Amino acid sequence: QDYTPDPLSLLTRSLDGPFTLTADFSSATTKGRIALFVSKSPTSLSANCVNYIYTGYEVGLKGGPSDRDWGFKIPWLSATGEKRRLRIRRLRDKTIEFSDMDVANGTWVTRFTMPQGVHNEDGWSLATDKLYVGVSLFGNTSHQSDVTFSNLNLSLDNGTVIILR
């Protein structure tokens, strides 16, 4: 049971303009996935957001235009390493980038880009002025998660940095 209609939001911030959201993720299995997310709704993550997930061996995106499983039909991609840093960035032109890196080697890999906040294949959009970002429990919320995250960092274009350790 890999999907709950409304993931439990563990932390949510509303933002206007550019931002960078990062966190370090560690996981042994895929039970109770914790994800970084970006959403166009403050109250319902279902069908309104993209969840960026690290399972311990792969990274993937869930959500988007469909409220079931893969909205974007993007396959899981190999991502090894004891700890991955996931990053969601919104640029000045509203482009949204989903990147990750193996913390040990420090090289960022961009996995998915939404130019001007729009997924051109189906026209689904996060191109609103105010977006909601944070960390959520995406998987089966009836089980304890084995995923941990640390070093949550939200940087705004004006230089403000919010850190939760």
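The values are calculated or read from the model by the stated rules, or taken from the named source; none is laboratory data. Keep in mind that this is a model prediction, so the values were computed, not measured. Here Cβ is always computed from backbone atoms with ideal geometry, including for glycine, and neighbour counts include all displayed protein chains. All accessible areas refer to the heavy atoms of the entire protein, side chains included, with ligands and DNA or RNA removed. Shrake-Rupley method; radii C 1.70, N 1.55, O 1.52, S 1.80 Å.
Summary of values
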{"read-out": "Heavy-atom accessible area ranking, 1.4 Å probe, most first, across LYS83, LYS62", "value": "LYS83, LYS62"}
{"read-out": "Derived scalar couplings ³J(HN,Hα) [the range 73-87; Karplus, 6.51 cos²θ - 1.76 cosθ + 1.60; whole Hz; x for Gly, Pro]", "value": "6, 9, x, 4, 10, 4, 8, 8, x, 4, 9, 10, 9, 9, 9"}
{"read-out": "Cα-based shape type of the range 44-120, given that a ≥ b ≥ c are square roots of the gyration tensor eigenvalues and the cut on a/c is 1.5", "value": "oblate"}
{"read-out": "Cut-off under 5 Å, modelled amide H: who pairs with ARG33 long-range", "value": "PHE138, GLY139, ASN140"}
{"read-out": "Exposure ranking of LYS130, LYS94 by accessible area [1.4 Å probe, largest first]", "value": "LYS130, LYS94"}
{"read-out": "Solvent exposure ordering (accessible area, 1.4 Å, most first) of VAL38, VAL161", "value": "VAL161, VAL38"}
{"read-out": "Using a Förster distance of 30 Å, the FRET efficiency for TYR57-GLU121 (Cβ separation, nearest 0.05)", "value": "0.70"}
